[in-house]
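S.K.: Just passing along the structure, written as structure tokens.
None of the figures in this text is laboratory data; all of them are computed from the coordinates on show. Keep in mind that this is a model prediction, so the values were computed, not measured. FYI the Cβ positions are ideal-geometry reconstructions off the backbone, even for glycines, and counts take in every protein chain you see.
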């Protein structure tokens with residue numbers, strides 16, 4: 001008989017965070033199985049929400065394998081993200097940022113967080129693929145300035161004079 005443990009969502013998320021930090025979670029379906037082994041039954045939709053609420057991002061490791069990690073563990077805080085940015089190109093109100101394969105989601109998340117906390121005020125949102133991030137500027141001609149800000153911020157130059 002399989003005993004199902006009843007825990008709160010915050011307790012479940014704490015367990016999920018521990019699993020992520022231990023490098024155990026490669027996919028949402030794997031997370032569902034790992035939780036099941038602990039006696040916790042969840043759907044894949046619940047696992048997906050937990051990963052999103054925790055801020056976990058699926059990244060590619062040096063061997064090319066995907067797994068979930070927390071952005072802070074990948075050093076995207078104010079120390080910069082220069083190894084994630086290969087190039088930045090502007091067009092109209094857009095900045096197109098190229099990253100190594102698997103790096104776009106991580107970079108987009110960092111850009112979105114920094115937009116919300118005021119460091120990249122003129123960015124209103126991102127769309128990420130595998131190796132490309134599209135960043136949308138608030139102004140219709142703000143792509144070039146946004147590209148410069150992203151490049152400067154990535155290099156750790158968080159203070160910039162406003163024109």
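S.K.: Could you sort 127-140, 55-68 so that the peptide with the highest average Cβ count within 10 Å comes first and the rest follow in order?
M.R.: Ranking, from highest mean packing down: 127-140, 55-68.
S.K.: Find the centroid of the Cα atoms in the stretch 1-51 and in the stretch 100-132, then give the distance between the two in whole Å.
M.R.: 27 Å
S.K.: I've got another one for you. Along its principal axes, what span do the Cα atoms of the stretch 9-72 show, with the longest given first and each in whole Å?
M.R.: Result, largest extent first: 32, 21, 19 Å.
S.K.: Sticking with this structure for a sec: In what order do 99, 46, 141 fall by count of nearby beta-carbon atoms within 10 Å, going from fewest to most?
M.R.: In increasing order of surrounding Cβ atoms, one gets 141, 46, 99.
S.K.: Right, something else. Using only the alpha-carbon atoms, what does the stretch 82-154 span along each of its principal axes? Please give whole angstrom values in decreasing order.
M.R.: 29, 24, 20
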